[in-house]
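What follows is a short report on a single structure.
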Amino acid sequence: MEVERWWSGTERWGLTDRYRRRLRPLDPSPSASLAGFQFTLDATPAYLRKPIVADRMLELMPNAAHSKLKFVVILRDPAKRLFAYWDQYVLKGAGVNDFDKWLDLTLKSVRECQRKHGDHLWPPPDNNACDEDTIEGVAAGLYAYQLTYWLRKFEAKQFLLTSTTAYTEETQLVVKAVSAFLTGSGTLGSAARHPDNIDSINVEGAMSKEARAELGRFYRAHNAELLHLLNNQGKITYTPSLKQLGIQQWIG
């Protein structure tokens with residue numbers, strides 16, 4: 001299949017020619033049949049938590065392409081995700097270099113935001129009632145709200161969900177399932193590579209017991225809401241299974 005266009009041109013986001021050359025060759029012909037189109041897209045973990053991404057996909061892509069899209073979502077324990085966020089964006093910047101102190105300050109900001117804005121923290125409010133940058137790091141782990149939004153825009157059967165836990169424990173099975181979901185074939189040309197360093201994604205041991213307990217309390221209701229949502233979404237593909245995603249352990 002050929003690619004029609006890079007969404008009407010990468011210039012819209014100021015992407016360079018060098019970057020564009022790393023993508024597949026594009027076919028700018030508007031007369032090609034939509035049935036044969038394949039769009040080349042770039043993705044980051046931030047997209048799930050950005051409502052505007054789902055909106056723009058529906059706006060910029062032809063209607064005939066909407067139902068052909070497939071989404072692979074890898075979930076992570078939100079407490080571990082928040083620690084990794086701090087490690088990547090706060091500790092290595094000019095922020096607080098002690099996670100427990102940073103978490104204390106952050107959750108105080110979150111509670112103040114909830115007092116002014118209400119409990120619904122996703123998407124982060126943009127009405128100056130809250131520090132959006134601070135809230136976003138915490139709200140990124142509120143997966144139930146995010147998935148609910150995307151499931152209003154696209155059909156449940158277009159989604160495959162797995163988790164970092166599932167991937168590290170059942171690497172071959174997960175990669176084969178993703179391949180089958182995307183291509184129709186679970187046959188791999190070679191064995192899937194197991195993560196070289198599990199510690200690089202297993203950050204729980206680096207957190208204090210107090211911080212882990214505090215985050216467990218904060219995210220518990222949200223994780224329970226996520227599990228309830230997924231238990232009632234039979235058309236989503238779960239790999240290896242919904243139970244093996246490990247969400248029950250996030251709830252504690």
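Only the coordinates and a few stated rules stand behind these numbers; no lab work does. Please read these numbers as outputs of a predicted model, since none were measured by experiment. Here the Cβ is made from the backbone with ideal geometry for all residues, glycine too, and neighbour counts use every protein chain on show.
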Label point 7 Å out from residue 180 along Cα-to-Cβ: which residues of the stretch 127-170 have amide N under 18 Å?
-> 157-163, 166-170
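Please give the contour-minus-distance gain from residue 242 to residue 156: 0.36 nm per residue of separation, less the Cα-Cα distance, rounded to one decimal in nm.
Values: separation 86, 0.36 × 86 = 30.96 nm, distance 1.42 nm.
Stretched out fully, the residue 242 to residue 156 stretch lengthens by 29.5 nm.
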Alpha carbon centre of the stretch 80-139 versus the stretch 140-163: separation in Å?
-> 22
In the structure shown, of 80/209; 153/176; 50/108; 50/209, the pairs separated by more than 20 angstrom at the C-alpha atoms are 153/176; 50/108; 50/209
The set of residues whose placed amide H lies less than 5 Å from the amide H of residue 71, leaving out same-chain residues fewer than 5 positions away, is 159, 160
Simple spin-label estimate for residue 64 and residue 235 in nanometres, 7 Å along Cα-Cβ = 2.2
Taking amide H positions as placed in the peptide plane 1.01 Å from N, state which residues far from residue 91 in sequence (5 or more) or on other chains have amide H under 5 Å from it.
-> none
For residue 238, distant residues with modelled amide H under 5 Å away | 161
